[in-house]
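Enquirer: Below is one structure. I have some questions about it.
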Amino acid sequence: MANFWNLVQNENMKIYRRIRAWIMLGFVALAPIAISIIYIIASGEFDANNWEMMTLETTILYQLITIFTVVKAADSVAGEFSTGTIKLLLIRPWSRSMILLSKFVALLLFAVVQMVLLFVVTWGINALLFGVNSDASGIIPSGSPLAGHSVWGYVGLMYLYLFIAQLMIIAVAFMLSSAFRSGGLAIGLSIFVLFSGSIITGLLSLTDKAWVKYVLFANIDVTSYLNGSTPLPNQDMTLGFSLAVLAGYFIVLNLISWLVFVKRDVAA
Amino acid sequence: MSQAPAAILQDVTKKIGGRTIIDRVSLEISPGEVFGFLGPNGSGKTTTIRMMVGLMALTAGDITIGGHSVKTSYAASAAQVGAIVENPEMYKYLTGYQNLVHYARMNPSVTKERIDEVVKLVGLDGRIHDKVKKYSLGMRQRLGVAQAVMHRPKLLILDEPTNGLDPAGIRELRDYLRRLSREEGTAVFVSSHLLSEMELMCDRVAILQKGKLIDIRSIRGPANKTGEEQIAVFDVDHPENALGVLEGRGDGKLEDGSLVITATREQIADANRILVEAGFKVYGIRTRTKSLEDQFLEVTGGETIG
C-alpha cells in the first residue's frame, strides 16, 4: 500500500488551491467579529456575556459552515465527473475505494478546519470585547446534565455535537454527489436536509408512532440532549439511542456512496 | 519476438443494456511497437480503451497488462499504463505543474527531477507554472502526454492524440512516440479515425467496426519484396503508344497523361526495359502502395459510420 496521505494531500490541494475556499474561511473568520461589533453598536454597551455571544454566533455560523462543506462535498465527486478529470484520476494504481476515502477524509478535514476557526474566532473576539465572564451558569440551562459544571465542557460538547450533525450532512451530500453526479442536486438536497430537519422534527413530534424516533431528521440535532431535553418530547429517546441511529444512517449512506462509486462504469 | 507482450486482450466483450458494444476482441501488443486502433466513430475504440485502463468493467474476457489482469490485480496493471482518454482534462484552476504533482503523488516511482525532465520533454517549460485554464488545446495535449509518460509506463494508451494539434505538433508527437517505442521499448496503443495519420505513425493497425475486430495488418511490412502487386506510374512520352506496346503485360491504363500499370516488382522492371528498347523516353517511374485508406475502405466495405 503506497502512501494514502498522498491522496489526501491531492484532495486538499483541490480544495485550498481554489480562491473560493479562502472566501469561505474568510466569512467564517469575519462574520463573528461583525456580529459582535453590530451588537455593541446596536446596544451601545460592552456588558454582554462573552459565553452567551460565543454560543449565539456558533449556532448561526454553524449553518454557514455546513453549507460551505456541503458545497465542497458536492463538488468533490460530481465536479470530477462534470469536468471529465475523473478519467485521469481513476486510471492510477489506486483502488476506487481509496480514492473515495481520501475525498471523504479531505472533506472532514475541511469541516474540522472551519469548526476550529469558528471556535477560536468566536472565543477570541468575545473575550477581547467583553472580557471572560467567570459566572457562566447563565448559559447552561438548569436542566442540562452539565449544569454546575465548567463552561468549557459545555461549549466543547456543543461543538462536538454540532460536528456530529455536520458529519451526517456531509455523508448525505457525498452520497448524492456520487449517486447522481450532479453537484447542484447534491447541494440543494443536502441543504434541504439541513434546514427542513427542524420543521420535519416538529411535524414528527405531533405523532406518537414508535417508528418516528428512527427517522434521520429526528436524531440529527443532538444538541437538545445538551440542554436536558430530547428532540421529540413524546418519545423515549436518549443520547445513546440517537447516536446509534445516526451511526446506522452514516454507515448506510457511505455504503451507497461507495458501492455506486466503485461499481459504476465511467462513461462520461 | 521473444519478449512477453505488453498487453493482451482476450475475447474482450462489453454489453450495455443487452446491446453488444464490443464483441470478442482479441489482440496482443508487443513492447516497442506502435499499434494503431482504427475505426469509424462509434465503433467502440474508446470503450475498449476504457476497459484497458479500468474505467469500465468487462462483461466477458480479460485484459492483461504486463502480465497483470485488470480484473484481478488492477493496481499492478494500472501502474504500467499511461493514458489519455479522449481529451486530456486537467484541473483548470491548478497550474500545469500542480497537475503533474497531483498525478506524481499517486505513483511512487515519479521523482521531482522526473517531473522537470518530462516538462522539458513536452516543451512546456516556459508555461508550466501558468494555470491550465490559460492553456491552448495543444498545450493541454502536451500536458496530457506529460502525465501519461511521467512514470515510464510499459504501455502508453492515447485516444485520438492528434485532436487539437497543429501539423507541427502532430509531427512532433509522431517523432516522440517513435523515439519512445524504439529507445525505451514502450508499447504505444493509439486510436484514431484518421487513416493517413495512422499510416505515418503505426507499425501495425487493428481495424474495428461495430465493436468487432475485422482485421489486423502490418503497415511497414516488407511488402515490395514479395510478389505482391503494386501500382506503378510511368512518366513517358506518347503514353497511348506505350500502352499498346505493353499490351498483355500486367493491367495497364492511362491516367492524367501517364501510363499506370498494376504489376509485381519484377514485371515493372521488365516493362521499363521493353519501353526503353522500343524507343520510348521514360522520364520517371513511381510506385504507389495501396494506402491504408484504400485498405480500410476495402475491409469495411466502404462504410464509414459503424
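The values are calculated or read from the model by the stated rules, or taken from the named source; none is laboratory data. What you are looking at is a predicted structure, and each value in this text was computed from that prediction instead of being measured. Using ideal geometry, Cβ is built from the backbone for each residue, glycine included, and neighbour counts are taken over all protein chains shown. These area figures cover heavy atoms from the full protein model, side chains too; ligands, DNA and RNA do not enter into them. Shrake-Rupley method; radii C 1.70, N 1.55, O 1.52, S 1.80 Å.
Enquirer: Counting partner chain Cβ atoms within 10 Å of every residue's Cβ in A:79-90, what's the average? Present the calculation step by step, with values, prior to reporting the outcome.
Expert: On the way: counts 1, 2, 0, 0, 5, 6, 7, 2, 11, 15, 5, 6.
For peptide A:79-90, the averaged partner shielding equals 5.
Enquirer: How large is the Kirkwood hydrodynamic radius of the stretch B:66-156, counting all unique pairs of alpha carbons, in Å? Intermediate values should be presented prior to the final figure.
Expert: Values: mean 1/r = 0.0743 Å⁻¹.
Computed over the stretch B:66-156, the radius equals 13.5 Å.
Enquirer: Compute the relative contact order of the stretch A:29-166 as a whole-number percentage, counting only Cα pairs closer than 8 Å that sit 6 or more residues apart in sequence.
Expert: Numbers: 81 pairs, mean separation 56.1, N = 138.
Value for the stretch A:29-166: 41 percent.
Enquirer: To continue, here is another question. Given contacts defined as C-alpha pairs under 8 Å and at least six residues apart, what's the relative contact order of chain B, whole-number percent? Spell out each step's value before the answer.
Expert: Working: 576 pairs, mean separation 63.6, N = 306.
Once divided by the residue count of chain B, the mean separation gives 21 percent.
Enquirer: On to the next question. Report, to the nearest whole %, how much of the accessible area of the stretch B:7-218 belongs to carbon and sulfur atoms, 1.4 Å probe, protein only.
Expert: 49
Enquirer: Once you have a ≥ b ≥ c as the square roots of the Cα gyration tensor eigenvalues for chain B, tell me rounded if a/c is under 1.5, and otherwise prolate or oblate according to whether a/b is larger than b/c. If you can, show how the numbers build up before the last one.
Expert: Numbers: a/c = 2.58, a/b = 1.86, b/c = 1.39.
Note, shape of chain B comes out prolate.
Enquirer: List every residue whose amide H lies under 5 Å from the amide H of B:Ala83, counting only residues 5 or more places away in sequence or on a different chain, with H placed 1.01 Å from N in the peptide plane.
Expert: Result for B:Ala83 returns B:Ile157.
Enquirer: Can you run phi through the Karplus equation (6.51, -1.76, 1.60; θ = phi - 60°) for the stretch B:166-176 and list ³J(HN,Hα) in whole Hz, with x for Gly and Pro?
Expert: Residue by residue, the stretch B:166-176 yields 7, x, 5, x, 5, 5, 4, 4, 4, 4, 5 Hz.
Enquirer: A further question on this structure: GNM on chain A, C-alpha springs below 10 Å: top fluctuator among A:Met54, A:Met168, A:Met13?
Expert: In this elastic network of chain A, the residue with the biggest mean-square fluctuation among A:Met54, A:Met168, A:Met13 is A:Met13.
Enquirer: In addition: Give the cross-link partners of B:Lys253 among the lysines, using a straight C-alpha distance below 20 Å as the criterion and excluding same-chain residues fewer than 8 apart.
Expert: B:Lys253 reaches B:Lys281, B:Lys290.
Enquirer: Okay, next question. Percent relative contact order of the stretch B:33-138, based on C-alpha pairs within less than 8 angstrom and at least six residues apart?
Expert: For the stretch B:33-138, the relative contact order is 20 percent.
Enquirer: Please average, across the residues of B:70-81, the number of beta carbons from any other chain that are within 10 Å of each residue's own beta carbon, and give a whole number.
Expert: Details: counts 0, 0, 0, 0, 4, 7, 1, 1, 6, 4, 1, 3.
Mean shielding count: 2.
Enquirer: On to the next question. Any idea which of A:Tyr249, A:Ile15, A:Ser134 is furthest toward the positive side of the dipole for the protein assembly as shown, if Lys and Arg beta-carbons carry +1 and Asp and Glu beta-carbons -1?
Expert: A:Ser134
Enquirer: Under the classification rounded if a/c is under 1.5, otherwise prolate if a/b is larger than b/c and oblate if not, where does the stretch A:4-263 fall, given a ≥ b ≥ c as square roots of the Cα gyration tensor eigenvalues?
Expert: oblate
Enquirer: Can you tell me the order of A:113-124, A:251-262 when each peptide is scored by its average per-residue count of other Cβ atoms within 10 angstrom, highest first? Working shown, then result.
Expert: Details: A:113-124: 18.8, A:251-262: 16.2.
Ranked by mean Cβ neighbours within 10 Å, highest first: A:113-124, A:251-262.
Enquirer: Which of B:Ser43, B:Ser77, B:Ser136 ends up with the largest GNM mean-square fluctuation for chain B, with Cα atoms connected below 10 Å?
Expert: Looking only at B:Ser43, B:Ser77, B:Ser136, the largest GNM fluctuation is found for B:Ser136.
Enquirer: Ok, one more. Cross-link partners among aspartates and glutamates for B:Lys134, C-alpha distance below 14 Å, same-chain residues fewer than 8 apart left out?
Expert: B:Glu89
Enquirer: Follow-up. About its Cα centre, what dipole magnitude does chain A give when the only charges are +1 on Lys and Arg Cβ and -1 on Asp and Glu Cβ, stated in debye to the nearest 20? Mind dumping the intermediate values first?
Expert: Working: 14 positive and 12 negative charges, 292 e Å.
With only Lys, Arg, Asp and Glu charged at Cβ, the dipole is about 1400 debye.
Enquirer: Continuing with the same structure: For B:Ile21, list long-range residues whose amide hydrogen, built 1.01 Å from N in the peptide plane, is under 5 Å from its own amide hydrogen.
Expert: B:Lys14, B:Lys15, B:Ile16
Enquirer: Hey, another quick one. For the cross-link pairs A:Lys72/B:Lys120; A:Lys87/B:Lys15; A:Lys14/B:Lys15; A:Lys103/A:Lys209; B:Lys45/B:Lys92; A:Lys87/B:Lys212, which exceed 30 Å when the distance is taken from alpha carbon to alpha carbon?
Expert: On the way: A:Lys72/B:Lys120 35 Å; A:Lys87/B:Lys15 20 Å; A:Lys14/B:Lys15 35 Å; A:Lys103/A:Lys209 39 Å; B:Lys45/B:Lys92 27 Å; A:Lys87/B:Lys212 25 Å.
As for pairs spanning more than 30 Å Cα to Cα, those are A:Lys72/B:Lys120; A:Lys14/B:Lys15; A:Lys103/A:Lys209.
Enquirer: Let me ask something additional. Among B:203-210, B:174-181, what's the highest-first ranking by average C-beta atoms within 10 angstrom per residue? Could you put the intermediate results ahead of the total?
Expert: On the way: B:203-210: 21.5, B:174-181: 17.1.
Per-residue mean Cβ counts within 10 Å order the peptides as B:203-210, B:174-181.
Enquirer: Additional query: Convert each backbone phi in the stretch A:211-228 into a coupling constant with the Karplus relation 6.51 cos²θ - 1.76 cosθ + 1.60 (shift: θ = phi - 60°), then list the ³J(HN,Hα) values in order as whole Hz, x for Gly and Pro.
Expert: Here the 3J(HN,Hα) series is 5, 4, 6, 8, 6, 3, 4, 6, 10, 5, 9, 7, 5, 4, 5, 5, 9, x Hz.
Enquirer: Let me ask something else. In the stretch A:7-45, which residues become less accessible by 10 Å² or more once every protein chain is in place, relative to the chain on its own, using a 1.4 Å probe?
Expert: The answer is A:Leu7, A:Gln9, A:Asn10, A:Met13, A:Lys14, A:Arg17, A:Arg18 - residues whose exposure falls by at least 10 Å² when every protein chain is included.
Enquirer: Using a probe radius of 1.4 Å on protein heavy atoms only, what is the accessible area buried between chains A and B, both sides summed, to the nearest 100 Å²?
Expert: Details: alone 13060 and 15660 Å², together 25980 Å².
Chain pair A/B: roughly 2700 Å² of buried accessible area.
Enquirer: Return the aspartates and glutamates within reach of B:Lys14: Cα separation strictly under 14 angstrom, same-chain partners fewer than 8 residues apart disregarded; answer none if there are no such residues.
Expert: Output for B:Lys14: A:Asp265, B:Asp23, B:Asp62.
Enquirer: While we're on this one: Return the percentage of antiparallel bridges among DSSP beta bridges fully within the protein assembly as shown, rounded to the nearest 5 %. Before the final figure, lay out each step's value.
Expert: Numbers: 37 of 55 bridges.
Here the share of antiparallel DSSP bridges comes out near 65 percent.
Enquirer: In addition: Determine the per residue accessible area of the protein assembly as shown with all protein chains present and a 1.4 angstrom probe, expressed in square angstrom.
Expert: 45
Enquirer: Counting Lys and Arg as +1 and Asp and Glu as -1, what is the net charge of the other residues whose Cβ lies under 12 Å from the Cβ of B:Ser191?
Expert: Details: positive: B:Lys45, B:Arg50; negative: B:Glu86, B:Asp159, B:Glu160, B:Glu197.
Here the count lands on -2.
Enquirer: Once both labels are modelled 7 Å past Cα along the beta-carbon direction, what's the A:Asp47-B:Lys212 spacing in nm?
Expert: Computed distance between label sites A:Asp47 and B:Lys212 equals 9.2 nm.
Enquirer: If you don't mind, there's one more thing I want to ask. Around B:Ala75, what is the net charge, scoring Lys/Arg as +1 and Asp/Glu as -1 over all other residues with Cβ under 11 Å from its Cβ?
Expert: Working: positive: A:Arg92, A:Arg96; negative: none.
Summing Lys/Arg as +1 and Asp/Glu as -1 gives +2.
Enquirer: Give me a comma-separated list of calculated 3J(HN,Hα) values for the stretch A:138-145, in order, Karplus coefficients 6.51, -1.76, 1.60 applied at θ = phi - 60°, integers in Hz, x for any Gly or Pro.
Expert: x, 8, 8, x, 5, x, 5, x
Enquirer: Ignore the peptide's own chain and count Cβ atoms of other chains within 10 Å of each Cβ in B:99-108; give me the average, rounded. If you can, show how the numbers build up before the last one.
Expert: Numbers: counts 3, 0, 3, 12, 5, 2, 10, 14, 5, 4.
Per-residue shielding by partner chains comes out at 6.
Enquirer: Turning to a different aspect of this structure: Compute and list, largest first, the equivalent-ellipsoid semi-axes of the protein assembly as shown from the alpha carbon gyration tensor, each √(5λ) rounded to a whole angstrom.
Expert: On the way: eigenvalues 957, 120, 68 Å².
Ellipsoid semi-axes (Å, largest first): 69, 24, 18.
Enquirer: Ok, one more. Quick check: at a probe of 1.4 Å, how many percent of the accessible area of the stretch A:172-216 sits on carbon and sulfur atoms? Could the numbers behind the result be given before it?
Expert: On the way: 1690 of 2220 Å².
Of the solvent-accessible surface of the stretch A:172-216, carbon and sulfur hold 76 percent.
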